[in-house]
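What follows draws every value from the coordinates through simple rules; no lab data is involved. Fair warning: this is a prediction, and the values are worked out from it, not measured in the lab. So basically every Cβ, Gly included, is an ideal-geometry build from the backbone, and we count neighbours across all protein chains shown.
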Amino acid sequence: MVFWAHLLGGTAEHIYPHNARYLDLIFEPWNVGIWGVELFFTISGFVILPSIMRYSLKDFGERRFFRLYPLFFTLSVVYVVLNLFLNAYPNSNNVLTVVSGFLFLNLLTQTEQLTPNAWSLTYEVMFYALAAFGYHFLFRKRALLPAILVLLLSALFVVRYPVALFFVGGMLIRIAYDAKISPPVYLVRTCEILLAATWIYLAANFRTHFDREFITTPQAWGLLLSTVLYFYFAVHPHSISSAISRFRTIAYLGTVSYSLYLVHPYTYLAFRKIFVQLGLFTDNWPMSMLVFFAVTTPVTLVVTHFVHRYLEVGPYQWFFRERIYRASKADASPSKSDPRSGAATGTD
């Protein structure tokens, strides 16, 4: 969603900014595509909570670091070096911005994140820290004062950045399913379709950054509630979304999605410049964009595959000497089972 939205939106801003027909046609799918970030925040809240509960604070931090940071660090270095020579984004060429970006402190310093798309990673890291410390002090240590402090910081973070409510929504859905509070099977697909249609319609026609004016904006509330409620039905085993996610191609795209998210701005920019140099963006924009998608998509996926293997999965498996993705105990053969993970499934 995000990848293709950026192909549409990037060309709308830099190639066809004066083509009213093109801008009108791509406006809604562009909006829906970039809404994938908020949907991903909901997914994060849902899938990260079990890891917080499973691992100690130290182990959780180490696993998050090696899961995310090597790839983020590498592409951030690429960005800094390129921007140093090209100066495409002058505001990023200063020590405060660079240091804040590498340390995920850009929200505090009010500077831009470095790697394109990495703005969302700062929110992810803040969510990881607040959720992990909150669970640690509240349920493991039962230390009332630190727990209250973390809860207060979490509340302030949500008030300042209401987009964090999507993480909260995902966590609540995980808690509900763990407590066996799931929707009746006969309602799942009907509600899933209706709620998906609602958030797609709202996302297509109403673009919001979920800033502090969110609370007074009915459309933003509608987007939040329809997205989170859709996900509540979508993760049910009998939902249409769950059925689709079991296709191997879709499962693979989900597996490499983090690498794809960080890689595609570079491949998009490279091919955009190549197409401009070769004069391939013509007045016949439907054909030009068809060729642009047909070339950029497969090359990006190939690059993503190797980046995922060597920069995303590689450091994690080297450090922990175990696979990121592990089959359940019932499905795994002894040679593939991780002796320390027991019946752990999915990703850490």
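In terms of its C-alpha gyration tensor, the chain has a rounded overall shape, because the principal axis ratio a/c (a ≥ b ≥ c, square roots of the eigenvalues) stays below 1.5. If you average the alpha carbon positions of the stretch 49-85 and of the stretch 228-265, how far apart do those two centres end up, in angstrom? When both Cα centres are located, 21 Å separates them.
Using a 10 Å cut-off around each Cβ, can you sort THR198, THR109, THR267 from fewest to most neighbouring Cβ atoms?
So the residues, fewest neighbours to most, are THR109, THR198, THR267.
Sorted on the mean count of surrounding Cβ atoms within 10 Å across their residues, most packed first, peptides 6-17, 115-126 read 115-126, 6-17. Relative to the compact-globule estimate of 2.2 N^0.38 Å, the Cα radius of gyration of the stretch 35-181 comes out at 1.14.
For the peptides 155-161, 81-87, 257-263, the ranking by mean Cβ contacts within 10 Å, running from highest to lowest, is 257-263, 155-161, 81-87. If you run the Gaussian network model on the chain, springs between alpha carbon atoms under 10 Å, then out of VAL99, VAL256, VAL163 the most flexible one is VAL99. If a/c stays under 1.5 just call it rounded; otherwise compare a/b with b/c (prolate if a/b is bigger, oblate if not). Do that for the stretch 1-79, with a ≥ b ≥ c from the square roots of the Cα gyration tensor eigenvalues. Oblate shape, in that a/c is at least 1.5 and b/c is the bigger or equal ratio. Here the Gaussian network model covers the chain, with springs between Cα atoms less than 10 Å apart; of ARG21, ARG189, ARG67, ARG21 fluctuates the most. Size check on the stretch 145-262: the Cα extents along the three principal axes, sorted descending, read 43, 38, 35 Å.
Mean residue ellipticity, 222 nm, helices only, the chain: the sum of -39500 (n - 2.57) across DSSP H runs of n ≥ 4, divided by residue count and rounded to 500, is -22500 deg cm²/dmol.
About its Cα centre, the dipole of the chain is roughly 1140 debye, where the only charges are +1 on Lys and Arg Cβ and -1 on Asp and Glu Cβ.
Each of LYS141, LYS180 was scored by other Cβ atoms within 10 Å of its Cβ. Listed from fewest to most, they are LYS180, LYS141. Think of the stretch 35-181 as a dipole: +1 on every Lys or Arg Cβ, -1 on every Asp or Glu Cβ, centred on the Cα centre; then among PHE46, LEU107, PRO146, PRO146 lies furthest on the positive end.
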